[in-house]
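**Q** After the structure tokens below, expect a handful of questions from me.
The values are calculated or read from the model by the stated rules, or taken from the named source; none is laboratory data. Predicted model only: the values in this text are computed from it and were never measured. Quick reminder, even Gly has a Cβ in these numbers, built from the backbone with ideal geometry, and neighbours come from all protein chains shown.
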Amino acid sequence: MKTIKRVLSYFRPYIGLFILSVLSLTLLTSLGLLRPKLTQIFIDDVVYARESELIPQIALALIFIAVFRGVFRYIQGVLSEKVAMRSIADIRRDLFNHLMALPYEYYDKARTGELMSRISGDVQSVKHLLGEGLLEFYDSIFTFIVVFFILIRLNWQLTLVSLSTMPFLFFTAIRFASQIRPAYTKIREQMAVLSTTIQENVTGVRVVKAFNNQELEKDKFDQDNISNFNKRLNAVSIRARYIPVMHFLGGLSAIAIVWFGGYQVIIENLTIGQLVGFYAYIWSLIWPIRRLAFLVNFFQRAKAASERVFEVLDVAPKITDSKNAIVLDKVKGNISFNKVSFNYGENDVLQDISFKVKSGQTIGILGETGSGKSSLISLICRFYDVSKGAIMIDGNNIKDIQINSLRQQVGIVHQDVFLFSATIKENIAFGNIDASFEQIVEAAKIAQAHDFIMEMERGYDTLVGERGIGLSGGQKQRIAIARSIVRNPSILILDDATSSVDMETEFAIQQEITKLLQNRTTFIIAHRISSIKDADIIYVFKQGRIIEQGTHLQLITKSGYYNSIFNEQFKEQELLANFVVEGSD
Amino acid sequence: MPILLSRGVINMSRNFDHEDVYKQKFDLQNFKRLVGYLRPYLKYLLITLGIMLTISLAEMTGPILIQQAIDRAIPEKNVSLLNIIGVTYLGLRLLIALSAYFRTKLLNRTGQSVIYSLRKQLFNHIQKLSLRFFDGRPAGKLMTRLTSDIENLNELLTSGIVQVINEVLTLALIMGIMLFMHWQLALYTFIILPLLMYIGLRLRTYVRDRWRVVRSKRSSMNAFLQESISGMRTIQAFTQEFNSAESFEEVNSDYTSAQLKATKTSLLVRPAVEISSAIGTCIIYVAGASFVFRGQISEGVLVAFLTYIRWFWEPIRNLSNFYNVLLVAMASAERVFKILDWEPEIKDKIEAQVMPRIKGQVNFNQVRFGYDRNVDVLKGISFSIKPGQTVALVGSTGAGKSTIINLIPRFYDVLQGSITIDGYNIQDITIDSLRDQMSIVLQDPLIFSGTIRDNIAYGKPNATDEEIIEAAKLANAHDFIVEFADGYQTEVQERGSRLSVGQRQLVSFARAILADPRIIILDEATSSIDTKTEKLIQDAIQKVLIGRTSFVIAHRLSTIRNADLIMVIEDGLIAEAGTHESLMLEQGVYYNLNIAQYRSLQKAAAL
């Protein structure tokens, strides 16, 4: 009940329109129910009475009814669609805005596909409920009651006889509705499996061919294909079993009218015109009854769908601006961590981290996967909130800074780069929508992306992302770097941002970025020593703690973790050294 | 001038120009070919048609029975005739129900069988196609061909064609009965047919166009949503929430107003039909009454006419639907046939020999190749590799390294020159016998959804558990696999998302080892991995390469250094070849490549 109430609350702004729509529908149906009456009059008072006087009136009335029904249908249809579409557009807007307010933590667990099905599929179910559902429910009941009374007044015996099959019809329809739905769900699920098989086969074509496994693939596909065939036929069987039965049950009423009704005419309880009218009325009852059964099922579904929608809306956006949040105009980039601990729920990912960074410094961060490096920089942008301790930026606790004013001055390149299905130009400009084309090209040059972009046929207008051309990991990373640079951020964060770029290019990127680094605080997370060795200070992380810190020179003289990694990675290069001619530097 | 005009709206609808099926010319050739798929089921389809006609006939007998009741049984107070009519009516209804059961079953079984075999044919055909076909064809497109395009054909092939025949016959039957009952009244009634036809063909086409707009607006909205959700972190990191909200508002209201527009036009159809029917009914009232008064027709006939006129619309509506189904299906058929007609470029010659066990002598003789026939990527490559040697290919992106390794398993055929293995030209041996002796490990290893075991066993589908574990151990994958609660039975989701990049590589090494290939091709990943995993991978690589002729697109210095032969590829040619030591001494391209890397660390080393 609470859910329904909440759905209806989206309805409220349009309640006036809705009432008008219900009114139109009532008139539409009522006018329709006059038609069998006209037929009855025509047959009894014109045809059998051999009296042509009434013909023009009846004909006019028929046309009049058709025209006005048209008008009312139009009004009702437009109004109810407007109400339903606007309400769900509001729900969708709320959902979308809410999703944007949800923190990273939510997206760590959420699956895109599932969220999509809630916003598109479930919201659509709610729409059916708000639009057709409620009105049809009303209309079915209204029609049923009115027709029932008309028929009872005409001839109650015939009414009872002809309506006796209706309960069976109703329950058969309910059973049908409840059986066919799972059958269709199974088909949909099976189609998803089939699609995955195709997807993997096509994207993995080189592996398939290299291992010469086409036959295996064919078999795999054939199994999915057969299963799809069977599931569909299963749904067909259900339809084949129920639909003819429902038609038959409806048809029984018609038979009852001809048979038992004919008898009633013979014993003069009924006129022929009434009989024909009766016949017409019965047909207008059969449809609402079948629909009612579906509506029962429909309401359950819509209710479940609304619950799923509201479930998303009810997730609290944990990270919000505090009441008197400070707006930072220009961040200088002095950052300090004071005894910061952080966890995603259970174990601490960061424990008691403290350090101070001055504006303009470059900070290198090194550590194994899972040592807490990425978590650390996520905290700086307040993608997550610390569990303990505090992070200060230019002397302000970041919890007191307006989130947008903070993030606007941060340029971040995530570990796994996300590019939108848009042109390269637009993707770079995503960092700064006011950027001119020159600025975009400039940023791309710094990120060493300009050359490969220009090699593409459409250059900066090349479509990338899911629906565009496929870029290599390194190319994506370079576009993402350009995106961050064009933002002209006070704090630049590169989270393993050059991992897929070859060393040569990485070196060039670093040279360029160093020129830019004046007055910027830069965090570089990397696995390669070469990526971070020039940093003003390097922090080595292990299991959520800083185990070593210092400059490259300081760290390699200590025999710690850094030194061991350095030796590991350097050993390779060292071999080269034998061949390098002295003084060629 | 800002690039993203006004408000950072990334144009989401751009990629969604729906192929406009409605403007295409009707292709009779394709239609015939499509109908050809029904030939094996002709018998069933004829039976189904027979059943459908039975249903139509039985339905149409209803009004005649009522007419008999009104004209004879009731006025004559003949209860036994009324009983006969009642029983007949009941029998008819039973017949209809029974027939409807068989119709639904038969029709769908036929349809699904056609779909099943067409889908199978298409999938199997795709398996035969060479890589050239897959280049630049997004997986999504092929998926659409195999799923929705085939579904579209279903509708036409089954319900479509059979139903349209049924509808035409039904309409003819109704008209025939009416003409037989009283031809003058029938002709009067037919006046409304052109009106209904007009509504069916013109008005509904117009309505359909509007709904098409709705569908495309909806997919734009969904595409925007999908992308926003997957890119939500990026949106938040770049504080684009406000702009995204505005963009969404735009797609949201576009969709809403398109739907309202379509609804408005849709709402014209029913009233138009009702008014036409009302006109028809009026004609029957006026003309019918006067015929009754003149004694030309009975009252029952008049009532029957009133019923029949209401049955005009249904067949016309279905015919107009059929037209729509036909257009959609023909467009799909064209796309499906285009793939089916795509000749597999790379196939066995008729006289192809089976390759004996490969020793591993690989020769390239003046090989020229280009993906686009006008642009050479390889411009005359020659080399000779002895059995068991490891060759490292180095050079910048686009130089032609990947192309060389694509030619060895015959993913593409050379344009000029030849490739021989143990003296056999690879074009003269069967593809199966060639590829069965090769393994390939790609940069971003493909992990199939399934268990880890399945993924390793992909290299040898009938492998035993022992063999699989042994391969995993050799590939240094065993240790992390057993750390999972389900071990080898761990389900890895689509694209292996439960595994890290490094782990995925180790699994693919295990797969390659299990296949025990004679020639191995390895495209080393560039991405840096944490030092621990990195060591495991380096170690695994060395083990994989032992005793096999191997080609490696190498990025790791350790791999390169251990190679028997390093080939530096530049602009489609071999710039240098030799061992690490000899190339460094030469101080050529290879030397310079290394210096660049070395310099970045040299400063630090100079301490």
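**Q** Could you pull out every one of the strands (runs of 3 or more DSSP E) wholly within the stretch A:466-548 that has 3 or more residues that are under 31 Å from the mean Cα position of the chain (by Cα)?
**A** A:491-495
**Q** Can you tell me how many residues in the stretch A:201-225 are part of a helix (DSSP H, G or I) and at the interface with chain B (Cβ under 7 Å from one of its Cβ atoms)?
**A** Qualifying residue count for the region: 14.
**Q** Let me confirm something: among B:L573, B:L499, which residue is in the same structural domain as B:G360 (by TED's automatic domain parsing) and not aromatic (F, W, Y)?
**A** It is B:L573.
**Q** Also, I was wondering about something else. Identify all residues within the stretch A:522-548 that are farther than 18 Å from A:S374 by Cβ, touching a residue at least 60 places away in the same chain (Cβ under 8 Å) and either of a type in the set (A, V, I, L, M, F, W, C) or in contact with a helix residue (DSSP H, G or I) (Cβ under 8 Å, 6 or more places away or on another chain) (or both); write none if there are none.
**A** A:I529, A:K533, A:D534, A:I537
**Q** Which members of the stretch A:311-364 meet the condition of being among the charged types (D, E, K, R) and farther than 16 Å from A:N397 by Cβ?
**A** Selection gives A:E311, A:D314, A:K318, A:D329, A:K330, A:E346, A:D348, A:D352, A:K358.
**Q** Another question about this same structure. Assess whether B:E250 counts as being more than 10 Å from every other protein chain (Cβ to nearest Cβ), at pLDDT below 90 and surrounded by fewer than 19 Cβ atoms within 10 Å (Cβ to Cβ).
**A** no
**Q** Take the residues in the stretch B:119-132 that are more than 9 Å from every other protein chain (Cβ to nearest Cβ) and either touching a His at 6+ places or on another chain (Cβ under 6 Å) or under 15 Å from A:K209 (Cβ atoms) (or both); name whichever of them is modelled with the lowest pLDDT.
**A** Among those that are more than 9 Å from every other protein chain (Cβ to nearest Cβ) and either touching a His at 6+ places or on another chain (Cβ under 6 Å) or under 15 Å from A:K209 (Cβ atoms) (or both), it is B:R132.
**Q** May I ask you to list the residues in the stretch A:392-403 that are crowded, with 16+ Cβ neighbours inside 10 Å, without any contact (Cβ under 8 Å) to a residue 60 or more places away in the chain and either out of contact with any Leu (no Cβ under 7 Å at 6 or more places or on another chain) or within 30 Å of A:G474 (Cβ to Cβ) (or both)?
**A** Answer for the stretch A:392-403, where residues must be crowded, with 16+ Cβ neighbours inside 10 Å, without any contact (Cβ under 8 Å) to a residue 60 or more places away in the chain and either out of contact with any Leu (no Cβ under 7 Å at 6 or more places or on another chain) or within 30 Å of A:G474 (Cβ to Cβ) (or both): just A:M392.
**Q** Would it be correct to say that A:G131 is more than 21 Å from B:S253 (Cβ to Cβ) and crowded, with 19+ Cβ neighbours inside 10 Å?
**A** So A:G131 does not fit the description; no.
**Q** Of the residues A:G345, A:G389, A:G360, which single one is small (G, A, S), part of a loop (DSSP other than H, G, I, E, B), assigned by TED's automatic domain parsing to the domain that holds A:Q543 and free of Cβ contacts under 8 Å to residues at least 60 places away in the same chain?
**A** Checking each option against the conditions leaves just A:G345.
**Q** Right, something else. Right, B:L45: more than 8 Å from chain A (Cβ to nearest Cβ) and either among the hydrophobic types (A, V, I, L, M, F, W, C) or in a helix (DSSP H, G or I) (or both) or not?
**A** yes
**Q** All but one of (1) within 7 Å of chain A (Cβ to nearest Cβ); (2) assigned to a helix (DSSP H, G or I); (3) over 19 Å from B:I309 (Cα atoms) hold for B:R210; which doesn't?
**A** (1)
**Q** With respect to the numbered conditions (1) of a type outside the set (D, E); (2) facing chain B (nearest Cβ under 10 Å); (3) surrounded by fewer than 21 Cβ atoms within 10 Å (Cβ to Cβ); (4) in contact with an Asp or Glu (Cβ under 8 Å, 6 or more places away or on another chain), which one is the sole condition not fulfilled by A:I412?
**A** Unmet condition: (3).
**Q** Taking B:N152 as the residue in question, decide whether it is free of Cβ contacts under 8 Å to residues at least 60 places away in the same chain and assigned by TED's automatic domain parsing to the domain that holds B:K32.
**A** no
**Q** So in the stretch A:14-46, with the set limited to residues that are of a type in the set (V, I, T) and without any contact (Cβ under 8 Å) to a residue 40 or more places away in the chain, which one is farthest from A:W283 (Cα to Cα)?
**A** It comes out as A:I15.
**Q** Let me ask something else about it. Quick check, is A:Q300 free of Cβ contacts under 8 Å to residues at least 12 places away in the same chain, polar (S, T, N, Q) and either part of a loop (DSSP other than H, G, I, E, B) or more than 10 Å from chain B (Cβ to nearest Cβ) (or both)?
**A** The answer is yes for A:Q300.
**Q** Moving on to the next point. Within the stretch A:560-569, is there a residue that is more than 11 Å from chain B (Cβ to nearest Cβ), at pLDDT below 85 and surrounded by fewer than 21 Cβ atoms within 10 Å (Cβ to Cβ)?
**A** The answer is no; no qualifying residue exists.
**Q** Test A:T196 against the stated conditions and say whether it is free of Cβ contacts under 8 Å to residues at least 24 places away in the same chain, within 7 Å of another protein chain (Cβ to nearest Cβ) and not hydrophobic (A, V, I, L, M, F, W, C).
**A** Considered against the rule, which asks whether it is free of Cβ contacts under 8 Å to residues at least 24 places away in the same chain, within 7 Å of another protein chain (Cβ to nearest Cβ) and not hydrophobic (A, V, I, L, M, F, W, C), A:T196 comes out as yes.
**Q** Confirm whether A:V67 is modelled with pLDDT of 90 or more and either more than 10 Å from chain B (Cβ to nearest Cβ) or in a helix (DSSP H, G or I) (or both).
**A** Yes: the conditions hold for A:V67.
**Q** Looking for something within 42 Å of the chain's Cα centre (by Cα), outside the structural domain of A:I150 (by TED's automatic domain parsing) and of a type in the set (S, T, N, Q) - is there at least one such residue anywhere in the stretch A:250-265?
**A** No, every residue in the stretch A:250-265 fails to be within 42 Å of the chain's Cα centre (by Cα), outside the structural domain of A:I150 (by TED's automatic domain parsing) and of a type in the set (S, T, N, Q).
**Q** Continuing with the same structure: Please verify whether A:V276 is facing chain B (nearest Cβ under 10 Å) and either hydroxyl-bearing (S, T, Y) or within 16 Å of B:D71 (Cα to Cα) (or both), treating the condition exactly as stated.
**A** Against the criterion (facing chain B (nearest Cβ under 10 Å) and either hydroxyl-bearing (S, T, Y) or within 16 Å of B:D71 (Cα to Cα) (or both)), A:V276 qualifies.
**Q** Can you say whether B:R511 is touching a residue at least 40 places away in the same chain (Cβ under 8 Å) and not in a strand (DSSP E or B), as far as the supplied structure shows?
**A** For B:R511, the condition - touching a residue at least 40 places away in the same chain (Cβ under 8 Å) and not in a strand (DSSP E or B) - is met.
**Q** Answer with yes or no whether A:A192 is over 14 Å from A:P288 (Cα atoms) and either assigned to a helix (DSSP H, G or I) or among the aromatic types (F, W, Y) (or both).
**A** It is true that A:A192 is over 14 Å from A:P288 (Cα atoms) and either assigned to a helix (DSSP H, G or I) or among the aromatic types (F, W, Y) (or both).
**Q** It is to be established whether one or more residues within the stretch A:463-472 are more than 11 Å from chain B (Cβ to nearest Cβ) and either crowded, with 20+ Cβ neighbours inside 10 Å or under 24 Å from B:G140 (Cβ atoms) (or both).
**A** Yes - at least one qualifying residue is present in the stretch A:463-472.
**Q** Restricting to the stretch B:521-557, name every residue that is within 10 Å of another protein chain (Cβ to nearest Cβ) and β-branched (V, I, T).
**A** Across the stretch B:521-557, the qualifying residues are B:I521, B:T526, B:I529, B:T531, B:T533.
**Q** Follow-up. Only one of B:D444, B:D376, B:D372, B:D436 is of a type in the set (D, E), at pLDDT below 90 and in contact with a Gly (Cβ under 7 Å, 6 or more places away or on another chain). Can you tell me which?
**A** Criteria check complete, one pass: B:D376.
**Q** So which residues in the stretch A:253-273 are more than 7 Å from chain B (Cβ to nearest Cβ), touching a helix residue (DSSP H, G or I) at 6+ places or on another chain (Cβ under 9 Å) and hydrophobic (A, V, I, L, M, F, W, C), if there are any at all?
**A** A:A254, A:A256, A:I257, A:F260, A:L270
**Q** Then there is this: Could you tell me whether B:D372 is among the acidic types (D, E), outside the structural domain of B:G588 (by TED's automatic domain parsing) and free of Cβ contacts under 8 Å to residues at least 12 places away in the same chain?
**A** No, not satisfied.
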